[in-house]
Amino acid sequence: MALPRHTTVLIVGAGPTGLSAAISLYQNGFRDLVIVDAVERMPDTSRAMEIHAATLEALDTIGCADKLVQLGIKSRSLNIWNRESSMFTMKMTSTLKSHTKFPFLLVLPQNKTENVLEEHLKGLGIEVHRPCRIIGMKGNVDAFGNTQVSFQSGEVIRAQYVIGADGARSVIRQLNGINFSDPDDVPVDDSLAQVVLADVVFSSEKAALPTDHVLACIHEGAFSMIIPIPKACLEDSQDQIYRIAFNIPGAKGPPPTNPQLSYLQEHFDAVGPFELTSNPKLNSEPIRIARCLWSTRFRTHAAIADKVVFRMHERTDTLGGYVFLVGDAAHVHSPAGGQGMNLGIRDAIDLGVALTEHMRSAPGDALVQGLALQEFGKQRYKSALKVIRLSKKIMGVIATLGASSKRVNLQYWLIRFLGSIPAVRKMAAWQVSGLKNR
């Protein structure tokens with residue numbers, strides 16, 4: 001499928017963020033857009049698993065929430081354990097039900113979220129152009145201030161607006177020389193920065209395995225998570241499959257690129273709840289990881305782009321086209337709280353509204369017209385900073401729990417005490433749900 005030579009909006013990246021931006025623009029009455037992605041469709045694996053209430057509210061405005069809810073698991077609580085017992089239960093439904101029509105954490109693999117969004121976009125008559133790898137950008141290429149985007153194929157598009165939704169290694173951000181760094185210049189603790197993810201089947205079903213909630217285990221400077229994956233989302237659905245995640249301290253060296261069963265078992269036994277280990281000394285009814293369907297590793301860090309809205313090659317005599325950075329192209333942070341994809345989707349849907357309103361505004365001074373877009377950029381930047389710092393606070397609590405045996409006990413009882421206070425539980429659920437940071 002050949003690329004057109006001209007478009008008003010070019011969206012680069014067809015993950016959840018780019019797809020949401022395209023649908024939002026269309027739903028707000030705008031039709032002249034092109035969406036491209038550098039690669040063919042990704043395999044059926046994904047890192048992001050959680051869609052929060054505020055994100056579902058945003059997706060509902062573009063007609064996509066109901067299908068996602070049908071596919072996913074409604075997790076009505078987040079249970080936080082030490083290795084022995086529950087420390088804190090974040091009750092999402094009871095806390096949020098009077099504030100949103102989506103009072104739960106929706107568990108759904110990212111690739112299935114992408115499938116729903118892309119099918120919805122196809123239903124609107126818009127196809128994603130793949131593979132289309134960008135190699136250059138040039139501003140002020142004509143009297144209208146359009147941006148020229150060049151592709152590896154030799155094709156060229158002139159666009160008035162370019163939306164960079166192309167991930168943490170964003171080509172759009174790099175071509176424009178936008179700085180991307182930790183806003184606090186404080187790296188994630190090395191003991192927590194390396195994370196392993198895997199989709200697994202356990203040898204038996206036990207009551208301790210979650211079915212309709214997310215289970216997190218925090219102790220001694222380590223964390224692990226167990227998330228049930230909806231059976232309808234997987235071809236291999238005769239067994240219940242779980243997403244597990246855990247950290248690998250830097251002192252132990254980097255984990256393998258695709259950790260195998262023995263590696264997963266060894267490290268999960270070391271950090272998971274006692275009731276779910278294969279060690280008979282710790283668990284009277286041992287349970288093991290019977291199969292691994294997929295695994296990966298990554299290293300987490302925090303960064304934010306200095307600018308998320310700007311005009312390319314701005315000059316005194318003429319102005320280049322607008323460029324927007326959304327999702328991981330604009331900000332990344334640790335997976336604590338499951339906020340990354342959620343913030344990106346909300347970025348994109350809000351941008352669709354703001355950009356449509358801007359394009360419909362009465363003709364006039366270009367700089368004056370752009371004030372609303374600059375304000376949008378400032379608000380999304382503030383929201384990203386809040387999420388980055390929330391994820392750092394969560395990681396800080398995990399690191400503190402491992403400071404010493406005495407402090408472990410103190411922190412454990414402090415968390416249990418705080419978890420017994422309704423106002424604290426409500427505040428935690430409100431923050432994680434994204435409703436406090438729409």
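The values are calculated or read from the model by the stated rules, or taken from the named source; none is laboratory data. As the structure is a prediction and not an experimental result, all values here were calculated from the model. Backbone-built Cβ (ideal geometry, glycine too); neighbour counts: all protein chains shown. When the accessible area is computed, the model is the full protein with side chains, heavy atoms only, and any ligands, DNA or RNA have been set aside. Shrake-Rupley method; radii C 1.70, N 1.55, O 1.52, S 1.80 Å.
For residue 74, the conditions (1) in contact with a helix residue (DSSP H, G or I) (Cβ under 7 Å, 6 or more places away or on another chain); (2) under 19 Å from residue 243 (Cβ atoms); (3) of a type in the set (D, E, K, R) are fulfilled apart from (1).
Take residue 57 and tell me if it is closer than 20 Å to residue 15 by Cα, acidic (Asp, Glu) and touching a Ser or Thr at 6+ places or on another chain (Cβ under 8 Å). So residue 57 fits the description; yes. Against the conditions (1) under 30 Å from residue 334 (Cβ atoms); (2) at pLDDT below 80, residue 367 satisfies every one except (1). Of the candidates 58, 48, the single residue that is under 18 Å from the mean Cα position of the chain (by Cα), touching a residue at least 40 places away in the same chain (Cβ under 8 Å) and closer than 30 Å to residue 147 by Cα is 58. Taken together, 9, 69 contain a single residue that is part of a strand (DSSP E or B) and either free of Cβ contacts under 8 Å to residues at least 12 places away in the same chain or at negative phi (or both), which is 9.
Within region 298-315, at least one residue is aliphatic (A, V, I, L, M), within 27 Å of residue 392 (Cα to Cα) and in a loop (DSSP other than H, G, I, E, B). The numbered conditions (1) in contact (Cβ under 8 Å) with a residue 60 or more places away in the chain; (2) buried (at least 20 other Cβ atoms within 10 Å of the Cβ); (3) closer than 30 Å to residue 161 by Cβ are all true for residue 334 except (3).
For (1) within 13 Å of residue 377 (Cα to Cα); (2) open to solvent by less than 10 Å² (accessible area, probe 1.4 Å), each residue gets a yes or a no:
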residue: 267; (1), (2): no, no
residue: 272; (1), (2): no, yes
residue: 277; (1), (2): no, yes
residue: 284; (1), (2): no, no
residue: 294; (1), (2): no, no
residue: 308; (1), (2): yes, no
residue: 345; (1), (2): no, yes
residue: 352; (1), (2): yes, yes
residue: 357; (1), (2): no, no
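No other residue among 321, 340 is at pLDDT 80 or above, of a type outside the set (Val, Ile, Thr) and within 22 Å of residue 227 (Cα to Cα) apart from 340. Across region 64-96, the number of residues qualifying as open to solvent by less than 50 Å² (accessible area, probe 1.4 Å) and closer than 29 Å to residue 167 by Cα comes to 9. With respect to the stated conditions, residue 47 is of a type outside the set (S, T, N, Q), in a loop (DSSP other than H, G, I, E, B) and open to solvent by 50 Å² or more (accessible area, probe 1.4 Å). Take residue 71 and decide whether it is touching a Lys or Arg at 6+ places or on another chain (Cβ under 8 Å) and among the hydrophobic types (A, V, I, L, M, F, W, C). So residue 71 fits the description; yes.
Checking each residue in region 236-268 for being assigned to a helix (DSSP H, G or I) and either aliphatic (A, V, I, L, M) or out of contact with any Lys or Arg (no Cβ under 9 Å at 6 or more places or on another chain) (or both) picks out 250, 251, 252, 261, 262, 263, 264, 266, 268.
Only residues that are open to solvent by less than 10 Å² (accessible area, probe 1.4 Å) and either among the charged types (D, E, K, R) or in contact with a Lys or Arg (Cβ under 6 Å, 6 or more places away or on another chain) (or both) were counted in region 1-39, giving 0. For first residues located in region 107-135 and on the phi > 0 side of the Ramachandran plot, partners that are open to solvent by 20 Å² or more (accessible area, probe 1.4 Å) and polar (S, T, N, Q) and lie 6+ apart or on another chain with Cβ distances below 9 Å do not occur. Restricting 173, 169 to residues that are crowded, with 19+ Cβ neighbours inside 10 Å and either free of Cβ contacts under 8 Å to residues at least 60 places away in the same chain or assigned to a helix (DSSP H, G or I) (or both) narrows the list to 173. Taking the conditions (1) at pLDDT 95 or above; (2) within 30 Å of residue 200 (Cα to Cα); (3) polar (S, T, N, Q) in turn, residue 24 satisfies each one other than (2).
Any residue in region 143-163 that is out of contact with any strand residue (DSSP E or B) (no Cβ under 8 Å at 6 or more places or on another chain) and surrounded by 19 or more Cβ atoms within 10 Å (Cβ to Cβ)? For region 143-163, residues out of contact with any strand residue (DSSP E or B) (no Cβ under 8 Å at 6 or more places or on another chain) and surrounded by 19 or more Cβ atoms within 10 Å (Cβ to Cβ): absent.
Within region 97-113, the set of residues being open to solvent by 30 Å² or more (accessible area, probe 1.4 Å) and either part of a helix (DSSP H, G or I) or acidic (Asp, Glu) (or both) comprises 110, 112.
Restricting region 118-142 to residues that are touching a helix residue (DSSP H, G or I) at 6+ places or on another chain (Cβ under 7 Å) and in a loop (DSSP other than H, G, I, E, B) leaves a set whose member that is least open to solvent (accessible area, probe 1.4 Å) is 126.
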